[in-house]
1. Given the criteria touching a residue at least 12 places away in the same chain (Cβ under 8 Å), under 24 Å from VAL13 (Cα atoms) and under 15 Å from the mean Cα position of the chain (by Cα), does PHE152 qualify?
2. What's the total number of residues in the stretch 15-30 that are over 20 Å from GLY219 (Cα atoms) and open to solvent by less than 60 Å² (accessible area, probe 1.4 Å)?
3. Restricting to the stretch 65-96, give me the number of residues that are crowded, with 17+ Cβ neighbours inside 10 Å, at pLDDT below 90 and farther than 21 Å from ASN42 by Cα.
4. What strands (runs of 3 or more DSSP E) completely inside the stretch 7-77 contain at least 1 residues that are among the β-branched types (Val, Ile, Thr), within 19 Å of GLY117 (Cα to Cα) and touching a Ser or Thr at 6+ places or on another chain (Cβ under 9 Å)?
5. Which one of these does TYR34 not meet: (1) closer than 24 Å to LEU122 by Cα; (2) among the aromatic types (Phe, Trp, Tyr); (3) surrounded by 13 or more Cβ atoms within 10 Å (Cβ to Cβ)?
6. Where residues in the stretch 198-210 are of a type in the set (A, V, I, L, M, F, W, C) and not in a helix (DSSP H, G or I), which of them is least open to solvent (accessible area, probe 1.4 Å)?
7. Can you name every residue in the stretch 20-59 that is among the charged types (D, E, K, R), under 24 Å from the mean Cα position of the chain (by Cα) and modelled with pLDDT of 95 or more?
8. Here's a check for you: in the stretch 223-238, which residue that is open to solvent by 30 Å² or more (accessible area, probe 1.4 Å) and part of a loop (DSSP other than H, G, I, E, B) is modelled with the highest pLDDT?
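The values are calculated or read from the model by the stated rules, or taken from the named source; none is laboratory data. Here the structure is a predicted model, which means the values were calculated and not measured. So basically every Cβ, Gly included, is an ideal-geometry build from the backbone, and we count neighbours across all protein chains shown. Accessible surface areas use protein heavy atoms only, side chains included; no ligands, DNA or RNA. Shrake-Rupley method; radii C 1.70, N 1.55, O 1.52, S 1.80 Å.
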Amino acid sequence: MGEKTAKLILLSVPIGNLEDITQRALKTLNEEQYFFVEDTRNFSKLLDLLKIEKIGKKFYSYHDHSKEDVYEKIFLILEEQNVVIASDAGSPIISDPAYPLVKKAIEKGITVTSNPGVSSPLVALELSGLPAHPFMFHGFLGRDKSSLNKSFDLFESIEGGHFFFESPNRLMGTLEILCARFPNENIVVARELTKFYESVYRFKGHEFQDKREDILEKGEIVIGLSISKSKKLSERQIAQLGEEYLQSPTPKALSKLLSLILDRPTKEIYSYLNKK
């Protein structure tokens, strides 16, 4: 078989301000024919705003609910032509689940390339005033309290910045839980980034109740949290381990519990407990 020359192109588009479009992205939008996008109507409007000629271009829907036949269509086109993947805003990998497609393309020996551009998590990081190294981006978290607390357990165990998306209707509920968990940590709420109504709210967890009236529950939102000193285990995890110990209160079980909490070898702790 000959070498595959067609490429899968990941195209980042502005998240609000059209002036953030790159020259490379404009070239791709002008030259390519096949586009798989989050919403074909929104993408068509974007091309109109950018004054991109649409004659001869073909638009298809691609999103997190796309079925196998969409993948088949993409790979059929890729046998001869480039395919562009784009979201309504930002990066198709960050904003939407292009990962499964990229993974399949790599497995098939297809070249994957990126036309990078603006991305709201990075803009939020830049404006947050939080330490930039290290930082993690978590996408959207679970919706219920239990799922949120599991995510926050992870945050608590890793020092650095943690950023995630949140919807306006869940914003205050999430902040209530987050700020109660981390009263002394720095938190940022960034909304409508790069747009006319861009707003960035910075506060410590214990200041949330005084700040909540200032925070608008509208638009696209990124929340950031800085963990200044990581814990090996969260308070919830310690409580769970404590319950397990109480069910079998032996020196060996206590050694294991203290080992996890203190980050010391189990054998070392066991020897201390058994000294006479």
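1. Judged against the criteria, PHE152 is not a match.
2. Of the residues in that region, 6 qualify.
3. Total satisfying the criteria: 0.
4. Values: elements: 7-11, 34-37, 58-61.
In the stretch 7-77, 7-11, 34-37 are the strands (runs of 3 or more DSSP E) which contain 1 or more residues that are among the β-branched types (Val, Ile, Thr), within 19 Å of GLY117 (Cα to Cα) and touching a Ser or Thr at 6+ places or on another chain (Cβ under 9 Å).
5. (1)
6. The selected residue is PHE203.
7. Keep residues of the stretch 20-59 that are among the charged types (D, E, K, R), which gives 20, 24, 27, 31-32, 38-39, 41, 45, 48, 51, 53-54, 57-58.
Filter again for under 24 Å from the mean Cα position of the chain (by Cα), leaving 20, 38-39.
Answer for the stretch 20-59, where residues must be among the charged types (D, E, K, R), under 24 Å from the mean Cα position of the chain (by Cα) and modelled with pLDDT of 95 or more: just ASP20.
8. Applying the filter and picking the extreme gives SER228.
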